[in-house]
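Working notes for the structure below.
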Amino acid sequence: MKAVRFHQHGGLDVLQYEDAPDPELRPGHVLVRVRACALNHLDLWQRRGLERVTIPMPHISGADVSGEIAVIGAGVTEYQVGERVMLQPGLSCGRCTRCLEGADNYCARYDVLGYQSAGGYAELVSVPAVNVIRLPEAIDFVTAAAFPLSFLTAWHMLLGRARLTERDTVLVLAAGSGVGQAAVQIAKVFRARVIATVGHPDKLERAKALGADAVLDHAHDDVVAAVKKLTAGRGVDVVVEHVGVATWERSVRCLARGGRLVTCGATTGHDAKLDLRHLFARQLSLLGSYMGGKPELLRAADLLFRGEIQPAVDRTLPLSEAAQAQRLLESGAQFGKIVLTT
Ligand SMILES: [Zn+2]
């Protein structure tokens, strides 16, 4: 098959579009003919290399995959060749207490497709049959690939961790990012009030079109003052954080008394400061969040299939242009997901 691999960590130039062996078909697995694979920031971290994480080489990234069932492994009876599917990106043992509770993202053996396993920057990918989600006819491959990781992550942040209610006002940072555009839409489905930020004036209208009630330009507006003004001095109940050190102190200051800050990433750096007086005196909760459980993705997928939420897609590029696609993601100029097609 053709795949985009890297043989060592480094810059965009380590990504090579080349021939690679077809994935091995294991019992209980299926091979999926990839039609679309969306990018995530995780792909960039893998390529650059991470402390304390060994990425197997040569490596194929790609957690967000849609395509058709191509080959069915021993013991898999519920699928047929040619069925249109998208993939749940979380891999786990399937047998421990947390897995059986539906909290598989807490499994000691949890992994993300394309992280320490081979992912979807390829014509074929092997996954456990339990990771397969059938697609209705109305959902195209690009939409399906753009959906899972962002919406799973945002769902777990807002509902699993921050326990969102319709009484809440939510501040979503970087509404043009994968998690941001998903969080705005999920918060609106659950009838919360949403204040979003964007990094460029061009993105203001697109964030409003996703349903945000107010949109701030975080490059030009005083976000803390604007949030206070929009909430009559009170602050927001929930902040959806994933930017990290560049926004962290401001995010904490935007919280109302009893507010919850939930974070799933640190794109601009992880060495953030916290004034503990804010934490105890204002009774704040700081919540970490990583991916989400399979039931959460299936609930989000129901809303996708009913047309109530829709991933924002910035553009599609052919698989052979994965390096250019990652360059675009690094630039931060996109609004929504960048998707590779094969
Ligand atoms: Zn487990």
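Collect the residues in the range 75-121 that are among the charged types (D, E, K, R), within 15 Å of the ligand (Cβ to nearest atom) and not in a loop (DSSP other than H, G, I, E, B), keeping them in residue-number order.
Those that are among the charged types (D, E, K, R), within 15 Å of the ligand (Cβ to nearest atom) and not in a loop (DSSP other than H, G, I, E, B): Arg98, Asp104, Asp111.
Given (1) in contact (Cβ under 8 Å) with a residue 24 or more places away in the chain; (2) surrounded by fewer than 20 Cβ atoms within 10 Å (Cβ to Cβ); (3) closer than 30 Å to Leu12 by Cβ, identify the lone condition not met by Leu319.
(2)
Given the structure, is Gly292 part of a loop (DSSP other than H, G, I, E, B) and surrounded by fewer than 18 Cβ atoms within 10 Å (Cβ to Cβ)?
no
Would it be correct to say that Leu210 is over 15 Å from Met157 (Cβ atoms) and either within 19 Å of the chain's Cα centre (by Cα) or surrounded by fewer than 23 Cβ atoms within 10 Å (Cβ to Cβ) (or both)?
yes
If you take the residues of the range 295-319 that are aliphatic (A, V, I, L, M) and assigned to a helix (DSSP H, G or I), which of them is nearest to Arg35 (Cα to Cα)?
Among residues in the range 295-319 that are aliphatic (A, V, I, L, M) and assigned to a helix (DSSP H, G or I), the one nearest to Arg35 (Cα to Cα) is Leu319.
From the list Gln16, Gln46, pick out the single residue that is touching a His at 6+ places or on another chain (Cβ under 8 Å), on the phi < 0 side of the Ramachandran plot, polar (S, T, N, Q) and buried (at least 16 other Cβ atoms within 10 Å of the Cβ).
Just one listed residue meets the conditions, Gln46.
Picking from Ser150, Ser126, which residue would you name as being modelled with pLDDT of 95 or more, touching a Pro at 6+ places or on another chain (Cβ under 9 Å) and either within 22 Å of Thr247 (Cα to Cα) or in a helix (DSSP H, G or I) (or both)?
Every option except Ser150 fails the conditions.
Any chance the range 116-138 includes a residue that's within 16 Å of the chain's Cα centre (by Cα) and among the aliphatic types (A, V, I, L, M)?
No, the conditions are met nowhere in the range 116-138.
Looking only at the range 97-110, count how many residues are loosely packed, with under 15 Cβ neighbours inside 10 Å, closer than 28 Å to Arg47 by Cα and under 20 Å from the mean Cα position of the chain (by Cα).
So the answer is 1.
Need the failing condition index for Arg33 against (1) modelled with pLDDT under 95; (2) within 17 Å of Leu319 (Cβ to Cβ), just the number.
(1)
The values are calculated or read from the model by the stated rules, or taken from the named source; none is laboratory data. Predicted, not measured: the structure shown is a model, and the values here were computed from it. Neighbour counts are summed over all protein chains in view; Cβ atoms, including those assigned to glycine, are modelled from backbone coordinates with ideal geometry.
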